[in-house]
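**Student:** This structure is in structure tokens; I'll ask about it shortly.
Values in this text are rule-based calculations from the coordinates and carry no lab data. From a predicted model like this one, the values you see are computed outputs, not experimental measurements. Backbone-built Cβ (ideal geometry, glycine too); neighbour counts: all protein chains shown.
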Amino acid sequence: MNLTKAEILEKANNSFKNTLMETLNIEMVDYGDDFLVARMPVNSRVYQPDGVLHGGATAALAESVGSFASHIFMDTEKLFVRGTEITANHLKSVREGFVYARATFLHKGRTTQLLDIRVTDEADNLISICKLSTISLPKK
């Protein structure tokens, strides 16, 4: 079944009910042949005590978009996807607006995947660089 870009994004966003993604207001906003983009508002829900974006919230955004990218680019009728490791290097602080995470594959194997996730602000400044490893295992 081939879905349109709008249908894929709608399906992704509808699956976030009662999850961390809903709590953080993460939304999938763009999709292409080899990438997926999500955004998250920067506000008091994702601040650390001094009023800037918490690195853990950034990592949650990165893992959400990366895991979902693996999910939509793999055969999830037969497989389930889980994140196995994430790294995040935070380069710049953000106090307001939105941050965007763009996930692209560095490796798309049958069992393991490695994604590069670049987090930017609304002015396209690089905020964080993340790497996510995922594994695809057979459903039983």
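**Student:** Hey, which aspartates and glutamates would be in cross-link range of Lys131, C-alpha to C-alpha under 19 Å, not counting anything within fewer than 8 residues on its own chain?
**Tutor:** Within reach: Asp34, Glu63, Glu85, Asp116, Asp121.
**Student:** Give the lysines whose C-alpha is closer than 21 Å to that of Lys5, dropping any in the same chain fewer than 8 places away, or say none.
**Tutor:** Lys17, Lys108
**Student:** Could you tell me the ratio Rg/Rh of segment 55-130? Both radii from Cα atoms, Rh via Kirkwood.
**Tutor:** For segment 55-130, the value is 1.01.
**Student:** In debye to the nearest 20, how big a dipole does segment 26-131 give about its Cα centre with +1 on each Lys and Arg Cβ and -1 on each Asp and Glu Cβ?
**Tutor:** Dipole about the Cα centre, nearest 20: 280 debye.
**Student:** How compact is the chain by the rule of thumb for globular proteins, expressed as Cα Rg over 2.2 N^0.38 Å?
**Tutor:** Normalised Cα radius of gyration, the chain: 1.02.
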